[in-house]
Every structure is written in structure tokens, then in C-alpha cells.
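Here's the structure, in C-alpha cells; my notes come after.
The values are calculated or read from the model by the stated rules, or taken from the named source; none is laboratory data. Just so you know, these numbers come straight off a predicted model, no measurement behind them. Cβ coordinates were reconstructed from backbone atoms using ideal geometry, including for glycine residues, and neighbour counts include every protein chain displayed.
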Amino acid sequence: MSLATSVPAADRSARALDPRAVRGARLALRSQLVVWVAFWLTLAVIAVGIVVVTVRVGEVEHSAWDYLSAGCRWFSFAMLLFVTAGGIGPYVAHGLTRRSFVTLVALDVAVTAAVFSACWTLGHAVENAVFAARGWPTSVQEHLYADGSQLGLVTLEALLAVLVYGTSGALVGAAFYRGGGWWGTLTLPLTLAPVAVTESLLTGRWIGDLAQRGLDLPLPARGLTILLVVALGMVVLHLVLRRAAIRRPAS
Amino acid sequence: MSFGVEVRDLTVRYGRTTALDGVDLTLEPGRIHGLLGRNGSGKTSLLSVLAAFRPATSGTVLVDGEDPFENPRIMAGTCLVRESGDHMDDKARATLQIAAAVRPTWDAELAGRLVDRLQVPLDRKPSQMSRGQRSALGVVVGLASRAPLTMLDESYLGLDAPSRYAFYDELLADYAEHPRTIVVSSHLIEEVERLFEQVVVLDHGRVLLADDADALRARGATLTGPGDVVDAFLDGRRVLERRTLGRTAQVTVDGGLDDAERRRARDAGLEIGPVPLQDLFVHLTASGDRP
Amino acid sequence: MFDGRDPIYLQIADQIRGDILDGTLREEEQVMSTTQYATTFRINPATAAKAFTELVDEGVLYKRRGVGMFVSPDARSRLVAGRRDRFFADVVEPVAAEARRLGIPVEDVVARLRELAAEPAPRRPDVAATTTTSTDGESS
């Protein structure tokens, strides 16, 4: 291959994340931050509420923070759904490409996973300290870990889960954006598939028998499979949005 | 910097609907073009393809010599403002900040002046704005982006009259200082026709006319006088409209008259009048009247 | 401001000619720029430029690079000469034809012309509009 043909290709991939896109994304991320802070504060308040109520009615036998694990996952799902379905139109209207939008969505998923898994681990750490002082157990069910004190596994599971839920949310948003209500709904089994596969590999929720077999695999194999699912999801996201027409916003 | 546009045999279909049907078109760079057509004539579809908002079903589209679809350089230099507005549902201030960050040619001073003149409420989201305010936000983004290809798709029609005139003034003043290719689409022509240097008329997804604005203004004529005299003069000309009042007839014909014809008409006792662009447009695109 | 049958650029050119003929625009004086014309009358700058091109071709205006358009030193005499050539064909002949059609004797026409020639010339009413650059007072 001659130099003349290879240079534009390299140039093009560099442009997918040109400084204009990054500057725009930073501004968009800033407005996301407010929502994130509000969400994690709310989650903390709920956790405290659970503890208070449990103490009133009976004894604390289980991690309270763990009850909120689904909330953390589905919230990242919802955020990415709205970012994708609501963002692509204004983004292209500002003169940026769909390709760079997909790249930024992937980055957003990664940043969300990093921040959310850190917050999730922090929650468990705080709970561990408080519960230890009172002699309450911090055990959990249906997780990679059996107890909130296994912080490494807590972080790993949250990281993988948010990566997948975020990817799935982006896929659902993209399917509804591209295909409208009917296609968006009909493709839900596909767009939600990453979540199903991952939960069966991580926690055994969703699909009973398959899950049991999935849980038998060694952890590194499961982790790699999940990362592959995320990568595949991003490729599909690119294919769905690649030639998407920008809709007229309803007003 | 200005982007020119070349369109060859462009077709756009949505399911079974054909929005554009074999459009051929050249927009010269650095001019203000009027894109005229009735509602549903394909104006928005054409502009959407030029702005890479949607792919073409078939045909060739070149903006500044390149296919605009997913082309970072062309898309960065192309700004289409649609009537509905394509803004995030965030405060207008945030939309303008993002536009300033991503548009290489953004002019913050112009944006500030337009926000004042058109009274854009910076602390409101598009969903909280009136139609006029949303239009105004679109106009600010469209003009201050100063894109080499700027397209305003009826976006200014939601403005009230004083704001519309402010918009025309700012458009002309900024265009004179920073010439670029500007396309203004409209179905209301009288108010904007003098802004145009060139005019394209779309009808049923095809290009009906594309010419110099002055040439189009000189294209038609009305002949008024006794019915039989008018008829004798018509001589195979294409009649766009005919009205009669008693013995007097007024006929609008397609095609200008040269000096000799004018003299002949006047000597025959006919009165010759101009056909405003708006009327020519209405006659040519009236339903069932296709060339 | 600009209406009627003629293209706007012809109307602009006519207006500038008129301003030069009646002395509103003097020789060597700068004319409004195309930008000023465009924004004052809400027309495309190219339309104004077309009028200038025509006047430059006629030798009525000339261009100073980077400065703008100016009235030629002999603009007025050129215009006067041109108009004199056309005066009888464009103005007198239609008057004679109309007078004949209406049965007005030639003597009456001549008498009226003598009366008018004795009166002081009226100022053109639209002079102010062509020399100010303000956008006020311009409706549609």
C-alpha cells in the first residue's frame, strides 16, 4: 500500500476525535455531572433510609447498599439512552459526524463505568465501616462477591455491569431514534441482549439454566466475554447510526 | 471561504414517498440563493442532504467538491437551521456555548449582538420558548456560525416582523463583510426576494427553475386591454393566468417581452405590467400546472 | 423604494445618474458602497455592484482600489450629453403624440413649456433618501 493512500485513512481516524468534538463533549459532560451528583446523593439517602427502617422493624442481616445495585445499573442505562437518542440530532446539526458521535458515546460509557463503579465501591466501603462498628453483616446475594467487604470484586462487577448497561441503553436509544417506536420496541430483545448475557455471567440473574453454565466458567473468561459483548455492542451502535437520518424534533 | 454545491440526479425516497426526483442543481459559491417551493416540494429534503442530515437514496452530491455525508471538513463548514430547530433541550446559553466550541468560524460578538436584537431568552430551554424565540435561537446559531455553506430553512418565518427585518439587515451586513454561500428557503417570497442573487424553484421534488433573480423578475409580463387585442398578441405564448372584466382581459404570460414587442403591444393599445416573483412562483407551481 | 418593472440595479443606476445630474452627487465625490446600498435598501450586494459596473462602463463612476467608488470628473457632462441625445426621442416625441391624440394644439404645449422655463426649478423630492446611509424610514 502506498503512502498516498494510507495517509488520508490515518488522518480520518484522527479527525473522528478532533478537538472541536472533544470541546463540545466536555461541555455536554459538564451538564451530565449535575445529574450524576444528584443521583448518587439520592442513592445515599435511600440507603440510609433502608437502614433506619430495617432497624425499626427488625434486625439488619444484609447489606443495605446492595439493594440499590439494580438502580445503579438501570440509571446508567437510562442516561446513555437519553444521551444517544437526544444527542445525535443536535450533534450532527452542529456539524459533527455520526462516527465521532459514536466514539464519544463509547467514551461516555467508559467514563460513566469508571465513575459509577468508584461511587459504588465507595458506598460499600462506607457501609462496611458503619456496619462493622455495630456488628451488622454486610453479606449480599447473587453477585460475583458474597460480601460487601470484597471491594476488588465489587469494583470489577460494577465496572463491567455499567459498561454493559450503558452500551445497551445507547443501543436502545439508537434503535428508537433510527427506526421509530415500532422498530425500537421490536428490537428490544436484541438491544437488551448484552444485559441478559452479562447478568447471567456475573450474577446468575435473568436466565436460569444458561446462567448456571455461565457461572461455571473461570472469572477471566467471563470478564473477557463481557468486554467482547461491549465491543460488539459499540460496533452495532456504529452500524445503526452510520446512515441515520436526523429527525425533526417534536416541538 | 465559501462552499459551492453540485447536485446530479439526486433522488430521496422515504418508503414509498419520493421527496426528490432526479434533481440537478449548481449553487455557485459566495452568493445568496433563494430556494423557493410550496410546502412539500422537497426543499427541506434537499437541504438535509446537503447538510449531511440524511443520506441520498441515489445520485451525486458534492459540497466544495466532496461528498458531504460523514465528511468532517464539509460538515464543520455547513450549517443548516431547520424551522423546528435542532437544539438540545438545554438552556439557550448552553446551545450557544457548544456551537462556539465546535464551529471553527464562530463569531461570539455577532452572536451576542443577535441575541440582543432578536431577544433570545438565554436562560430558557427550547421546550419553554415560543415559536418566535426558537426561530430566533436558530437564526443566531445560523448566522454566528458563519459557515462557508449556511442554509436557513424557513427558520426565520417564526419571527415577528420587526425581528425578521432585523434578521435581513444582519444577514446582509454580515454577508457583505464575510461573503459565503447562503441558501434561504421560503414559500413566502415577496419579503425576501431582493436578498437573492440566484433563485431555485422546486416543485414536486424537481427543479422547476434555476436562474438569476433579475432574469426571473423580467421573465413574465401581464398584458391588459380589450380581450380580442390581447388574444391577437398572445401568438402561442404560454399563458399563466387569464382574467376578464367585461371586454377587458388581463393575461399573464411566461417569457419576457423584448423592446420591439413592447412597442408593438403599446401601439396596439395594450398595457404592459411586470410580474412580481411571488406571482410568477404562484402561477408556475399552481397545482396541476406542470411544464 | 425600488419598484416598477425595471430590475433593481437599473433603478439604482438611474438614481445615481439623477443625483449627479442635479448636483446632489458632485464630481470626485465618493458614492455609497455596495454594502451600504445593500443594508440601506435590503437588497443583495451583488445587485448594487451590478449598477456600479454599468456606471463604470459608462464612465460615470470610477473605482479607487481599496477606497471605493467615485464620481468621474466629467460624469455630469457625459450624462448631459447622453440625455440631450435622447431628449427629443424619449421625451418630446411622446408628448407630441399624446397632444395629437388629445387634440391639444402645439401652441398650447409650447406656451406651457415657456411658462415652466420661467419658473425656478423644483428640487427633486427623493434626494435625501439617496444620500443618507441610515436604515431608518425605510419600509419594505
**OP:** Could you check, for segment A:104-120, whether at least one of its residues is surrounded by fewer than 19 Cβ atoms within 10 Å (Cβ to Cβ), within 14 Å of another protein chain (Cβ to nearest Cβ) and either more than 14 Å from residue A:238 (Cα to Cα) or under 13 Å from the mean Cα position of the chain (by Cα) (or both)?
**Re:** no
**OP:** Go over the candidates B:286, B:249, B:260 one by one and state the one that is modelled with pLDDT of 85 or more, aliphatic (A, V, I, L, M) and not assigned by TED's automatic domain parsing to the domain that holds residue B:42.
**Re:** B:249
Original post:
Any idea which of A:83, A:140 is of a type in the set (A, V, I, L, M) and away from chain B (no Cβ under 14 Å)?
Top reply: A:140
Subject >> Residue that is more than 15 Å from the chain's Cα centre (by Cα), within 14 Å of another protein chain (Cβ to nearest Cβ), aliphatic (A, V, I, L, M) and assigned to a helix (DSSP H, G or I), where the choices are C:51, C:96, C:46 >> reply: C:46
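Conditions tested, residue by residue: (1) surrounded by 14 or more Cβ atoms within 10 Å (Cβ to Cβ); (2) touching a Leu at 6+ places or on another chain (Cβ under 8 Å).
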{"residue": "C:26", "(1), (2)": "no, no"}
{"residue": "C:41", "(1), (2)": "yes, no"}
{"residue": "C:56", "(1), (2)": "yes, no"}
{"residue": "C:60", "(1), (2)": "yes, yes"}
{"residue": "C:63", "(1), (2)": "no, no"}
{"residue": "C:70", "(1), (2)": "yes, yes"}
{"residue": "C:74", "(1), (2)": "no, no"}
{"residue": "C:81", "(1), (2)": "no, no"}
{"residue": "C:92", "(1), (2)": "no, no"}
Original post:
When you scan segment B:101-136, how many residues do you find that are part of a helix (DSSP H, G or I) and at the interface with another protein chain (Cβ under 9 Å from one of its Cβ atoms)?
Top reply: 6
Original post:
Can you tell me which of B:190, B:154 is at the interface with another protein chain (Cβ under 10 Å from one of its Cβ atoms) and touching a helix residue (DSSP H, G or I) at 6+ places or on another chain (Cβ under 9 Å)?
Top reply: B:190
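The rows are residues; the columns are (1) aliphatic (A, V, I, L, M); (2) touching a residue at least 60 places away in the same chain (Cβ under 8 Å).
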residue: B:209; (1), (2): yes, yes
residue: B:214; (1), (2): no, no
residue: B:257; (1), (2): yes, no
residue: B:267; (1), (2): no, no
residue: B:279; (1), (2): no, no
residue: B:282; (1), (2): yes, no
Original post:
Looking at B:92, B:147, which is the one that is more than 8 Å from chain A (Cβ to nearest Cβ), crowded, with 18+ Cβ neighbours inside 10 Å and in contact (Cβ under 8 Å) with a residue 24 or more places away in the chain?
Top reply: B:92
**OP:** State whether the residues of segment B:38-59 include one that is out of contact with any Phe, Trp or Tyr (no Cβ under 6 Å at 6 or more places or on another chain), free of Cβ contacts under 8 Å to residues at least 24 places away in the same chain, away from chain A (no Cβ under 11 Å) and not in a helix (DSSP H, G or I).
**Re:** yes
